[in-house]
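The values are calculated or read from the model by the stated rules, or taken from the named source; none is laboratory data. Please read all numbers here as calculations on a predicted model, not as lab measurements. Ideal geometry is used to build each Cβ from the backbone, glycine not excepted, and the neighbour counts take in all protein chains shown. With ligands, DNA and RNA removed, areas are computed over all heavy atoms of the protein, side chains included. Shrake-Rupley method; radii C 1.70, N 1.55, O 1.52, S 1.80 Å.
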Amino acid sequence: MSPALQTKLLRALEDRAFQRVGGTEPIQVDVRFVAATNRDLEQAIAEGRFREDLYYRLHVVDIRVPPLRERPGDIPCLSMAFFVKPPNRKEKAPAGFSARLRKH
């Protein structure tokens, strides 16, 4: 994330407002952020690539999730969640996964 974007995000979090591109009036918002990364942000802070104040603003609840390669049993469930969606009127309903594929 660029330093300019980090600054804008921090300002929006602190002021609970942002300004549209080309706009003249700030827009007040009441939002909750969920942020995720696979990067070591503490190392990025030490290297000067991530703002420390933004890190502490976002780092309220820390949930560590092991990589999917360490929990292969989750793959069938996740696959079905991403694959099976309510069909669009113009699309056919997905056929699903074969029994053989669901075992892996």
Segment 20-36, residues that are in contact with a strand residue (DSSP E or B) (Cβ under 6 Å, 6 or more places away or on another chain) and either open to solvent by 90 Å² or more (accessible area, probe 1.4 Å) or touching a residue at least 12 places away in the same chain (Cβ under 8 Å) (or both): GLN28
Close pairs from segment 37-59: first on the phi > 0 side of the Ramachandran plot, partner among the polar types (S, T, N, Q) and part of a loop (DSSP other than H, G, I, E, B), Cβ under 7 Å, at least 6 apart: none
Count of residues meeting criterion [closer than 29 Å to ARG11 by Cα and surrounded by 13 or more Cβ atoms within 10 Å (Cβ to Cβ)] in segment 58-77: 1
Some residue of segment 38-57 being at pLDDT below 90 and either within 16 Å of the chain's Cα centre (by Cα) or open to solvent by less than 70 Å² (accessible area, probe 1.4 Å) (or both): yes
Number of the exception - PHE33 against (1) under 20 Å from ASP15 (Cβ atoms); (2) at pLDDT 95 or above: (2)
Pairs with Cβ under 6 Å, 6+ apart, first in segment 4-15 and in a helix (DSSP H, G or I), second open to solvent by less than 50 Å² (accessible area, probe 1.4 Å): GLN6/LEU54; LEU10/LEU54
